[in-house]
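Below is one structure, written out as structure tokens, with a few remarks after it.
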Amino acid sequence: MRIKGVAVIGAGVMGSGIAQVSASADYLVTIQDVGEEALKRSKSIIESSLNKLVARGKMSREQADSALARIEFTTGLEKAVHNKDLVIEAVFENLAIKHELFKKLEPLVGPDVIVASNTSALPITEVFSATGMAERSLGLHFMNPVPVMRGVEMIRGQLTSEATFETARQYVLSLGKEPIEAVDYAGFIVSRLLDVLMNEAVKMIQEGNRPEEIDKAMELCAGHPMGPCRLLDLVGAEIAMHGMETMERDLGPGYKPHPMLRKRVLAGLLGKKSGRGFYTY
Ligand SMILES: NC(=O)c1ccc[n+]([C@@H]2O[C@H](COP(=O)([O-])OP(=O)(O)OC[C@H]3O[C@@H](n4cnc5c(N)ncnc54)[C@H](O)[C@@H]3O)[C@@H](O)[C@H]2O)c1
């Protein structure tokens, strides 16, 4: 089976990026969110990202314009999934919200439609456990910023069929991205390693280290392209905290989120998306 149309549910940072790269690879895309405000923001995120790619000579003005024209923005779930063969969920990192969404989604999609979750850390088997769609579901974990990062983690749930996985793999390749297979444990590969690193950085700030120095150390001494504090600001503190909580639940107390990480989330110091984290945006 070949994917022709993609519905993205959740028009936040990740959903907007996934819609953009799919439209840039010629797919017809609909992006859905619960509010008009989120859709407006999403359109402007996509426009400004496409403009940057044009300015850097990565795509022509015509390609950028036609990619944008291939994306439809809507608040209607039924409208979003109409005639689509792949649905990618990118709503809040909250299992109850994801389950609630799938309950509404399931009766709206045909039996051949593949349903993917972009969850950062929730086990895919659990994400789709409350649905009858397990065989045609999988994890497609895109990285932030989606238009820039080449890797996409692909996660099989316990019941994911080979046909589903292979079709999704072809879709990932068609975006010019590299699929990486990860086993279905909380955090997969990327979040498991990075959330621990970012949580440890928060601990070190409590011990008196400055975020700028931690970032400089990891960039200049360890060759990381971005230090863990800046990375936490990019990812969103709530996403990393949730990842740690899921890993603590499944893998043990070594993954407990630092209390300061929790406090920062409660205070709304999420990073780039709230305008303030370790740095100001
Ligand atoms: N931020 C990252 O760096 C990153 C990286 C990889 C994966 N992820 C995962 O991607 C998903 C989305 O993360 P994000 O950072 O884009 O979040 P975000 O907060 O930027 O966006 C989430 C969007 O989902 C919408 N939404 C919530 N409930 C909805 C519903 N029932 N139906 C439709 N839309 C709904 C919200 O209005 C919001 O616009 C999460 O599962 C997250 O773990 C995030």
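The values are calculated or read from the model by the stated rules, or taken from the named source; none is laboratory data. Keep in mind that what you see is a predicted model, and the values were worked out from it rather than measured. Counting neighbours? That spans all protein chains shown, and the Cβs are built from the backbone with ideal geometry, glycine included. Note: accessible area is taken over every heavy atom of the protein model, side chains too, but ligands, DNA and RNA are not part of it. Shrake-Rupley method; radii C 1.70, N 1.55, O 1.52, S 1.80 Å.
Of the numbered conditions (1) surrounded by fewer than 16 Cβ atoms within 10 Å (Cβ to Cβ); (2) within 25 Å of Lys40 (Cβ to Cβ), Pro107 satisfies every one except a single condition; which is it?
Single failed check for Pro107: (2).
Please go through the stretch 84-97 and give me each residue that is within 12 Å of the ligand (Cβ to nearest atom) and open to solvent by less than 50 Å² (accessible area, probe 1.4 Å), ordered by number.
Those that are within 12 Å of the ligand (Cβ to nearest atom) and open to solvent by less than 50 Å² (accessible area, probe 1.4 Å): Val87, Ile88, Glu89, Ala90, Val91, Glu93, Leu95.
Among the residues of the stretch 69-83, is any under 16 Å from Gly132 (Cα atoms), within 12 Å of the ligand (Cβ to nearest atom) and open to solvent by less than 30 Å² (accessible area, probe 1.4 Å)?
Scanning the stretch 69-83 turns up no residue that is under 16 Å from Gly132 (Cα atoms), within 12 Å of the ligand (Cβ to nearest atom) and open to solvent by less than 30 Å² (accessible area, probe 1.4 Å).
Take the stretch 117-157 and flag every residue that is open to solvent by 10 Å² or more (accessible area, probe 1.4 Å), assigned to a loop (DSSP other than H, G, I, E, B) and out of contact with any Asp or Glu (no Cβ under 7 Å at 6 or more places or on another chain).
Ser129, Ala130, Met143, Asn144, Pro145, Pro147, Val148, Met149
Being touching a strand residue (DSSP E or B) at 6+ places or on another chain (Cβ under 8 Å) and assigned to a helix (DSSP H, G or I) is the filter here; which residues of the stretch 232-281 pass it?
Those that are touching a strand residue (DSSP E or B) at 6+ places or on another chain (Cβ under 8 Å) and assigned to a helix (DSSP H, G or I): Leu232, Asp233, Leu234, Val235, Ala237.
Can you name the condition, by its number, that Met14 falls short on among (1) within 10 Å of the ligand (Cβ to nearest atom); (2) surrounded by fewer than 18 Cβ atoms within 10 Å (Cβ to Cβ); (3) under 27 Å from Ala134 (Cα atoms)?
Condition not satisfied by Met14: (2).
Testing Cys229 on (1) open to solvent by 30 Å² or more (accessible area, probe 1.4 Å); (2) assigned to a helix (DSSP H, G or I); (3) in contact (Cβ under 8 Å) with a residue 40 or more places away in the chain; (4) more than 23 Å from Leu122 (Cβ to Cβ), one condition comes back false. Which one is that?
Status for Cys229: all satisfied but (1).
Being under 15 Å from the mean Cα position of the chain (by Cα) and in a loop (DSSP other than H, G, I, E, B) narrows it down to one residue among Gly176, Gly187, Gly208; which is it?
When all the criteria are applied, what remains is Gly187.
Report, by residue number, each residue of the stretch 184-216 that is aliphatic (A, V, I, L, M) and in contact with a Lys or Arg (Cβ under 8 Å, 6 or more places away or on another chain).
Result: Ala186, Val202.
Restricting to the stretch 98-115, and then to whatever is within 13 Å of the ligand (Cβ to nearest atom) and in contact with an Asp or Glu (Cβ under 7 Å, 6 or more places away or on another chain), can you tell me which residue is nearest to Leu193 (Cα to Cα)?
Filtering first and then ranking leaves Lys98.
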